[in-house]
Ligand SMILES: [Ca+2]
Ligand SMILES: [Ca+2]
């Protein structure tokens, strides 16, 4: 390794050390161990610090996100919109250098990481998107997409099940555009990895059909690291795992121990390491000028590559005007004009249909006109109805099962990886609108990924069928009770539970148009009637008055399958001389974003409100005075038997409504939306 | 194979076929494919159908729970408290034969399965518990525990990340008492496993350090299956995976296709298979008398083994009276007398301490007097503070890292497996009280397992530290917002968020005394003062008045770190002439179980109530009129900066309280607990 390389690597290490010391908080060990690999890799990567969204950039994912000081040091050295001043604010409120890499806060971060196992799984999604994009748009002599996805991951990422799921799928999909580096430093927070992690990782990844390389000395042999990257690229039909044997906290007095994992180096330790490496021990955040110049020169080269790509793409647009316009539209983040005209609408004369089936109809209409919609299912395709007629699977062509330009992904029984991969596909850019199907109850398996979608503004769509006890015989292991509450309580998730065909179309409209909010569409297994008074437009407000009454005695607010039940209860209540209105509230998140005036027109002061949803009532007091739901686990049985047993019949709802009316008689009633602050 | 074996296997197959047909719902394919293995295995298992809780029984886990018709058929044939009449009610409401095996509903079911990957992970927990129990209590010539755990699993279970995590750990732990059968039928719901699952499973399990055997013909070679089980038992320092190549739906016209996975066989198909196997096609649920007699004879033999064990244990109790009494106490499900006296108590004179640290103190006190408390952490031991001084790790002795009698489990970064394993340890019996540590935010990774704990009444304890933005610099990827709402909305989970030392002791008292309810203890990273007026007794009601006022203008209800904040706000409010009471509500679940009269004494009619919790307000309207919380993701920064920025200061809380008082002035106010029904 050249002296300049060594100095550059030590600069990265010490920037990380100084940042963690300034914060008196953070993780110096992994940055010190991984600086050589990062230095060697970034030299080979194509990216433009001045255009972080360039579609053909190579992507770097730091799956062990706690090592973010490493990434921030690189971003500073490579001239991204991040400076040494930002490093000095490491982990401080409102800084651009938060405690884990946050895609919304730090220019140059591709995906938010920290929760272990997510980054490498996002990287699989990035690689899938690149393969799909390239296969769809590349033309002979016009390789407009040929970028790589690189990921660093630690022992923790390898232990998390989500990474196992994603890695197994990546091997199956033969993603040669994915290159991951395992920081094999034999240390985790509990100390030696020997206490719990003694499996043969290399053999496991070979079993997944990955190409595995080993670098014996990741601390200083950057030639070997560079060579491994070149080797990895030569194998185009397998993802590569490069095992890097490194020393955590390399250079520190405590190197090789968990003492350097998650705590700043002590002052005397910092002093000795700076002296050892020829840095001024009194100086902090030092960037030797030779180091700065060499990275700046690298950036210049990279920008030339970017310019060449610009020319290539310009020529592509001339030669393939239609495809070129489509790519440009996607890069501009615009949907095809009038795409929403393809959304089906319904009248009460149309037959009763399950919303999962209505979802299939929507998908078949919109995938025909929006090429950036791709999706799949976690092995529940015939139940989720997520595969549209004539769809081609996204598969390695050599399998004979599909094409890389295919738009349907067979995720296998891997909900969590599906969630992380969906996030990665969205993070790729190019306006990808991607969905994944599973039973609503098993979205919970992917909670870690769903949360990161919300935090990172990945507008992905969960097609979550079998949404209540309405799934029937599979029983309580499969019947969601708490699931909607869980995701409604999470910031920035739209949780739609449409009641009929028009509302299903509205849910998809919201999902496809969103660029920042993940959507969960909770859909029924059982048939639901088409409602009088529903429309895409009304439902698009998240909540609206379905059955309007002059001076109602009570308003019933419901979602999904319970809306039709509420409408039937109105008729029962008429018999008791009670005037009941009905509000359909398919999505709390969208409804909450409406002006208060509108919301109060739907849920006004002066009328007692009863919520009806055949799941946990938790949270419904936000919109109602009284709640009818299911605050217990369900049961195995025919759906019709279950609804009856738990009292979810027109008569059962009417009974609760009567009790509500009687209880509030003579009391002054404020809308639950009318609040003190 | 003998004719009788063949007839027995076909009887199992046809009972399953008839049950699914009667329900017109369910999964015949896996039972038909797995009947030979089940028949061969159960012949070798020790169990007593008349004493399903016998501690030294071999345990059978059907990880592919959708194949439950297979298990139910076996339970009927072996004379458990389940009959052909129950099979006829398969998947019907209130039957003893629900759509997936439910431990609370079906005699002989060890753990509830269906959500894929859980069963095999529970089996790892069962095997850990058996190893720990045996190492703790077995004596030379007194092998009072030497049972095996067997599991069947399908392709889906192998694809789920939770099983990868658990299997990796099982290999590390050298669990020779665990034998799993992979139903390698090359079919899942999406069709051929080739579409998404082409990894080399055998190589992967070898990489985990499992002993792997292969049975080429699982459809009829029961000698090979028997031999494989014997081979498996010979290897005592590795878990065994037996790969069974089978034909899904063996015997059906559609055998070997996904058409037989999840739908009943058609009438003509049932007819042909019965005829082919010499059964009367007109008869349903047939059990040939030779078959019935042979299983009955097997039961007799098994019961003799049980009786021999009874004698052995009686002799053990004579020879080792102290240990014998301890085992007997544990088998009786009783805690040591006066164990709760060891719980620490505090006064306001005691220093401020983080509740994670208070938790460590409780654990060190109670583990000393309650031998059935075992626990661990998902690689966050120094952060969760879950390892008590002097603890010995649960490790294979050959590693030199611990003993099988050790009581501290190094789970690695495997939260989901930890959850499933904890459930399995509880399911073993012997009064195990087991806990697992992680950050509160990452309990969500294990949502699938937590939900099953609640459904199956596994009283396990999550030590969930770093419970809010109070964790500070790690930022929003680690700061829970929705987590408490998620688990509070789930039936049968106690979600404690103690405010000080006495409440932390109360939380553990509830957790250890519970036999049916999982507990999540949300604990702070930051120090909290010891409150005036708290006590174990009061906190044990789940909620209580901490600051009492005559005719308060407002009541502030809070949990955890916000209780002390509320107390400080009271003083600020005094300055504005406002009398504020404070209610501490550490656990909604426990509070909800108190008589309404008590609850109304805490949250009475006539006083506006403001909730304060620095997380999602979702669900708090159940206990309050106004909610102050954090309905957005947090941020990276010093905890003190974050609390200030988001307004969680005494002045900030007082401001909300003043607005609450002003808003409700002159309005009649009902307690949120006063409901119409
Ligand atoms: Ca490590
Ligand atoms: Ca299968």
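Data for the structure
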quantity	calculated
Ratio Rg/Rh, restricted to segment A:136-245 and using Cα atoms, in which Rh is the Kirkwood radius	1.02
All-pairs Cα distance distribution in segment A:541-664, expressed in whole percent, bin size 5 Å	2, 12, 23, 25, 19, 11, 6, 2, 0
Spread of Cα-to-Cα distances over 5 Å intervals beginning at zero, given as percent, for segment B:87-156	3, 15, 18, 18, 15, 13, 8, 6, 3, 1
Order by protection proxy (mean Cβ within 10 Å, highest first), peptides A:488-496, A:475-483	A:475-483, A:488-496
Per-residue [θ]222 nm for chain A (sum of -39500 (n - 2.57) over DSSP H runs n ≥ 4, rounded to 500)	-12500 deg cm²/dmol
Principal-axis tilt of helix A:267-276 within chain A, Cα atoms, nearest 10 degrees	50
Axis proximity, chain A to B: residue whose C-beta lies nearest, plus whole-Å distance	A:161, 1
Segment A:435-560, relative contact order in percent, only Cα pairs under 8 angstrom and at least six apart counted	29
Exposure proxy order (Cβ contacts within 10 Å, fewest to most) of B:188, B:95	B:95, B:188
Considering only segment B:339-528, percent of DSSP beta bridges that pair antiparallel, nearest 5	10
Label spacing, shortest first and in nm, from residue A:231 to its equivalents in the remaining copies (7 angstrom along Cα→Cβ)	3.4
For residues of A:181-193, the mean tally of beta carbons on other chains within 10 Å	3
Copy-to-copy label separations for residue A:283, where each label sits 7 Å from Cα toward Cβ, in nm and ascending	9.4
Tensor-based shape of segment B:339-528 (alpha-carbon gyration tensor, a/c under 1.5 rounded, otherwise prolate or oblate)	rounded
Theoretical FRET efficiency, 1/(1+(r/R0)^6), r = Cβ-Cβ of residue A:292 and residue A:272, R0 30 Å, to 0.05	0.75
Helix B:650-664 vs. chain B, principal-axis angle (Cα, 0 to 90°, nearest 10)	90
Percent antiparallel among DSSP beta bridges (both partners in chain A, rounded to 5)	15
Cα-based Rg / Dmax (Å) for segment B:185-314	19.7, 56
Packing rank of A:644-657, A:587-600, A:106-119, B:174-187, where each peptide gets the mean count of other beta carbons within 10 Å, highest leading	A:106-119, B:174-187, A:644-657, A:587-600
Estimated FRET transfer efficiency when R0 is 35 angstrom, pair residue B:315-residue B:236 (beta carbons, to 0.05)	0.90
Average partner coverage of A:613-626, which counts Cβ from other chains inside 10 Å	4
Across the identical copies, how the residue B:535 labels are spaced - nm, sorted shortest first, 7 Å along Cα→Cβ	6.4
Anisotropy class of chain A from Cα gyration tensor, a/c 1.5 cut	prolate
Three-way shape call for the protein assembly as shown based on the alpha-carbon gyration tensor, with the a/c threshold at 1.5	rounded
Euclidean distance of C-alpha centroids, segment A:602-677 and segment B:156-186, integer Å	44
Relative contact order for chain A, counting Cα pairs under 8 Å that sit 6 or more residues apart, in percent	11
Percent of beta bridges antiparallel (DSSP, the protein assembly as shown, rounded to nearest 5)	15
Average beta carbon contacts from partner chains per residue of B:375-387, 10 Å cutoff	3
Relative packing of peptides A:564-576, B:314-326 - highest average C-beta neighbours within 10 Å first	A:564-576, B:314-326
Euclidean distance of C-alpha centroids, segment A:361-419 and segment A:329-359, integer Å	18
Using a Förster distance of 45 Å, the FRET efficiency for residue A:574-residue B:597 (Cβ separation, nearest 0.05)	0.75
Average Cα contact separation per residue, segment A:179-241, under 8 Å, 6 or more apart, as relative contact order %	44
Size-normalised alpha-carbon gyration radius of segment A:51-171, reference 2.2 N^0.38 Å	1.14
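Taken together, the values in this text are just the output of simple stated rules run on the coordinates, not laboratory data. All values derive from a computational prediction rather than experimental measurement. All Cβ positions, even for glycine, are placed from backbone atoms using ideal geometry, and neighbour counts span all protein chains on display.
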